[in-house]
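To start, the structure itself, in structure tokens.
The values are calculated or read from the model by the stated rules, or taken from the named source; none is laboratory data. Everything numeric here is computed off the predicted structure, so don't read it as measured data. No Cβ is skipped: glycine too gets one built from the backbone with ideal geometry, and neighbour counts run over all protein chains shown. These accessible areas exclude ligands, DNA and RNA; they are computed on the full protein's heavy atoms, side chains included. Shrake-Rupley method; radii C 1.70, N 1.55, O 1.52, S 1.80 Å.
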Amino acid sequence: MTDSLEPSKSFFALWDGSPEGLDPDERQAMIDTTADGRLYDSSWSFGRGYDSPLAGDRVFLLRTGNLRGVVASASITKDGVVMDDHWTGTGKRTAYIDVTWDVMVGDDDRLTIEELRQALPEFKFPVLGSGRRIYDPSAASLEDLWGEHVDDLGRRTRNPWLGGRPSPGNSGYLVEFHCSET
């Protein structure tokens, strides 16, 4: 985590929905791991690496093409970007960030692009490149909307672990048991 006093930033990262962009087996592992309340470490392409991504900044994975919408959220784990070969194997170089995914959902459970457009009227859609910064008030609205979406999904699926292990004051999933001595 950085020692900067700068508030954390939020970004959209893009996934085209293809198996080349995210291997289906890896995606399922991400879904399973985060549904169990555990984090999933990986890297993700970040466009040109603008806006100085820092550890602790938030990333929302926006699926493009068919079934558009947010399918995951993560926190950046290291400051800056790393340049490496583009994931398509074209020989081009691209920027990558290290992230820890806290939620990955299936396509049927995504936060749809229609919901995003309605909830973020200040944000200028479409998102044309990975690593696009989300400024406030849209960033705060998206964080709240995604949190509500994940909470609702957890209730519908009866999964108290979705979005992270519950902790006191964190969610309504903890049940207190009171024992009385007789």
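Of all residues in region 130-158, those satisfying the criterion of being open to solvent by less than 30 Å² (accessible area, probe 1.4 Å), modelled with pLDDT under 95 and more than 14 Å from the chain's Cα centre (by Cα) are Leu153, Gly154.
Consider region 72-96 and keep the residues that are β-branched (Val, Ile, Thr) and at pLDDT 95 or above. The one that is surrounded by the fewest Cβ atoms within 10 Å (Cβ to Cβ) is Thr77. Within region 100-112, not a single residue is open to solvent by 40 Å² or more (accessible area, probe 1.4 Å), in contact with a strand residue (DSSP E or B) (Cβ under 8 Å, 6 or more places away or on another chain), more than 24 Å from Pro160 (Cβ to Cβ) and not hydroxyl-bearing (Ser, Thr, Tyr). The residues of region 17-47 that are in contact with a strand residue (DSSP E or B) (Cβ under 6 Å, 6 or more places away or on another chain) and loosely packed, with under 15 Cβ neighbours inside 10 Å amount to a single one, Asp41. Residues that are more than 16 Å from Gly56 (Cβ to Cβ) and not in a strand (DSSP E or B) within region 7-26 comprise Asp16, Gly17, Ser18, Pro19, Glu20, Gly21, Leu22, Asp23, Pro24, Asp25, Glu26, listed in sequence order.
Any residue that is part of a loop (DSSP other than H, G, I, E, B), more than 13 Å from Ser43 (Cα to Cα) and among the β-branched types (Val, Ile, Thr) - is there at least one of those in region 71-82? No, region 71-82 contains no residue that is part of a loop (DSSP other than H, G, I, E, B), more than 13 Å from Ser43 (Cα to Cα) and among the β-branched types (Val, Ile, Thr).
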